[in-house]
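Have a look at the structure below before the remarks.
The values are calculated or read from the model by the stated rules, or taken from the named source; none is laboratory data. The structure presented is a predicted model; accordingly, all values stated were derived computationally and were not measured. Methodologically, a virtual Cβ is constructed for each residue, glycine included, from the backbone with ideal geometry; neighbour enumeration extends over all protein chains shown.
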Amino acid sequence: MMESYTEALNRIPPPGTGCHTALLSVANYGAKAGIDGEQLYAEIRRAIPTGTRRIPDKEITEAVNKALSDHKRGTFTPQPRLAPAVKNGGAALRRIISEGSITSEADFWETSPVRLLDEPKNDPTLLLENLYEPTDLIWIGERFDKGIVGETIRTPSDWITFYNNGGTLAPHIVLNPLKGLEGTTKAGKPSFRSDNTIKLYRYCIVEFDELSREDQLKFWSAVKLPVVALIDSGNKSIHGWIDVQKLGKVETAEQWQSIVKNRLYDTILTPLGVDASCSNASRLSRLPGHFREKKGAYQRLLWLSSEGRPISC
């Protein structure tokens, strides 16, 4: 029954093309498989593809409760949405920026807990050695590369050996270690590098789309977030990696949704102007050490710590 539930979950059509009817079918499979209401709700919400309308929470809740009732498994009440912790995002952002004291890359390099080397080609080794465990499986590749174990998915030491032997540095990395097993994307396509193939939830990425480079540097020098890395994208933006384990216990997709997506992004970061699309666990970041030929610049480390802490400490 679990297999039928998974298949139905992955086949949910986009809203406007039969999604409403599919929700009850998926919920029924899940209830028969013994999945509780909270997990059912969270997995259905994540699996719904983009369509011509947004499916309201009430519609999912009704489908889940109908299935639970039909199979005599009780009822489900979703947790209320958290009110934004940041009431006036623009004013709060300007206040943080005004408190920033670092405005140059050189100052970040000097304050980095892990000593950064002059040559950016050394940055991938520093990142992999300090932020990952030997048995982790890490995806590195072009934006649309598939996850292939032994090719785009390797252990840190295998990646380092690959680089040292002249391997070409790819531009992107998935922040969190993968299972090395096939899962599915939200659209139901098979994939080794999707949200449901994440094995360990360690980091999330914070990026601004509209903020000037100088203001980004000031922001990172002042904000009280558990930072493990700052990466110059080789363009206009800086990618900040946040240690999500410093925010709470994040070991499951549901805990990621609650602590990282709902609490951190929806109530704090998004009101500040952070790119909201960065909130999923398999999000790509720029890999330091890659040279962007079109920009004529390296993606490189600006700051690195083996454990998350505010830069201003």
What's the number of the condition ARG81 fails, among (1) assigned to a helix (DSSP H, G or I); (2) at pLDDT below 80; (3) among the basic types (Lys, Arg)? (1)
Can we say ALA22 is free of Cβ contacts under 8 Å to residues at least 24 places away in the same chain and either in contact with a His (Cβ under 8 Å, 6 or more places away or on another chain) or surrounded by 14 or more Cβ atoms within 10 Å (Cβ to Cβ) (or both)? yes
Would a scan of region 180-189 turn up a residue that is of a type in the set (Ser, Thr, Tyr), crowded, with 16+ Cβ neighbours inside 10 Å, assigned to a helix (DSSP H, G or I) and in contact with a strand residue (DSSP E or B) (Cβ under 9 Å, 6 or more places away or on another chain)? no
Can you say whether ILE12 is more than 22 Å from GLN255 (Cα to Cα) and in a loop (DSSP other than H, G, I, E, B), as far as the supplied structure shows? yes
Matching residues in region 132-153 (more than 19 Å from the chain's Cα centre (by Cα) and either of a type outside the set (Ser, Thr, Tyr) or surrounded by 15 or more Cβ atoms within 10 Å (Cβ to Cβ) (or both)) number 5
Select, from VAL228, VAL260, the only residue that is in contact (Cβ under 8 Å) with a residue 12 or more places away in the chain, crowded, with 16+ Cβ neighbours inside 10 Å, part of a strand (DSSP E or B) and not acidic (Asp, Glu). VAL228
Condition met for GLY51 (among the small types (Gly, Ala, Ser), under 24 Å from the mean Cα position of the chain (by Cα) and over 23 Å from TRP256 (Cα atoms)): yes
